[in-house]
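To keep things clear, I will list the structure first and then write my remarks on it.
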Amino acid sequence: MKILDTGIEDLIIDLKPLNNGMEKANFVLASQWDYERVTYDYKVGSPEKNITYYIRVQGYALEGDVDKGDAVIKLLTPLLGKHYYPHGIEYGENEEFPESLVNRASSILQNVKANIEPFAKS
């Protein structure tokens, strides 16, 4: 599910302050990057058996190289996904998400915005 109107979609930002801001908001980059793309995940626990939710923020390099740390990243619309053990994460529009989870995800993304917006390029 796309999480719309967060204020971070289409932000353009250098990789280093982006990494710092995402880490402050407890998002993990881990090994989910390549030379041109980054993917940050935030794990949201669930009382449902064998189900975990994830907030995902993705971006791609407009210039530079993610591997070298000199990339300028354009962020995409954040996603909310549901992990079904052992099959994987589904981000489809047909997924059902509790309203409380959607509200929590929006709040977490506002924290991300506060961390990274001061470093965004105009």
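For the chain, what % of the accessible area comes from carbon and sulfur atoms, probe 1.4 Å? Spell out each step's value before the answer.
Values: 3260 of 7190 Å².
On the chain, the fraction of accessible area on carbon and sulfur atoms equals 45 percent.
Can you give the longest stretch of the chain with no exposed loop site, where a site means GluC sites (Glu not before Pro) in a DSSP loop (not H, G, I, E or B) with at most 16 other C-beta atoms within 10 Å?
That gives 49-92 as the longest site-free run.
Residue by residue through region 48-60, which ³J(HN,Hα) values in whole Hz follow from phi under the Karplus form 6.51 cos²θ - 1.76 cosθ + 1.60 (θ = phi - 60°), with glycine and proline marked x?
6, 5, 6, 10, 10, 9, 9, 9, 10, 10, 10, x, 9
What accessible area, in Å² to the nearest ten, does a 1.4 Å probe give for SER31?
Near enough 100 Å² of accessible area.
Given just the C-alpha atoms of region 24-122, how large is their convex hull per residue in cubic angstrom? Working shown, then result.
Values: hull volume 11.9 nm³, N = 99.
Hull volume normalised by residue count: 120 Å³.
Cross-link candidates for LYS82: which lysines have Cα within less than 30 Å, leaving aside residues fewer than 8 places away along the same chain?
By straight Cα distance, LYS82 reaches LYS2, LYS16, LYS24, LYS43, LYS49, LYS74, LYS113.
Would you rank ARG104, ARG56 by solvent-accessible area, highest first, keeping every protein chain in place and using a 1.4 Å probe? Don't skip to the answer; put the middle values down first.
Working: ARG104 115, ARG56 40 Å².
Descending order: ARG104, ARG56.
Going highest first, how would you order 108-115, 73-80, 10-17 by mean Cβ packing within 10 Å? Numbers along the way, then the final one.
Numbers: 108-115: 18.2, 73-80: 20.0, 10-17: 16.8.
By packing density, highest mean first, the sequence is 73-80, 108-115, 10-17.
If every alpha-carbon in region 1-49 counts as one equal scatterer, what log10 I(q)/I(0) does Debye give at q = 0.22, 0.24 1/Å?
Log10 of I(q)/I(0), two decimals: -1.00, -1.13.
To the nearest 10 square angstrom, what accessible area does PHE119 show with a 1.4 Å probe?
It works out to around 110 Å².
Under 8 Å for C-alpha pairs, at least 6 residues apart: give me the relative contact order for the chain, rounded to a whole percent.
Values: 227 pairs, mean separation 42.7, N = 122.
35 percent.
The values are calculated or read from the model by the stated rules, or taken from the named source; none is laboratory data. Keep in mind that what you see is a predicted model, and the values were worked out from it rather than measured. Cβ coordinates were reconstructed from backbone atoms using ideal geometry, including for glycine residues, and neighbour counts include every protein chain displayed. Please note that ligands, DNA and RNA were not included when accessible areas were found on the heavy atoms of the full protein model with its side chains. Shrake-Rupley method; radii C 1.70, N 1.55, O 1.52, S 1.80 Å.
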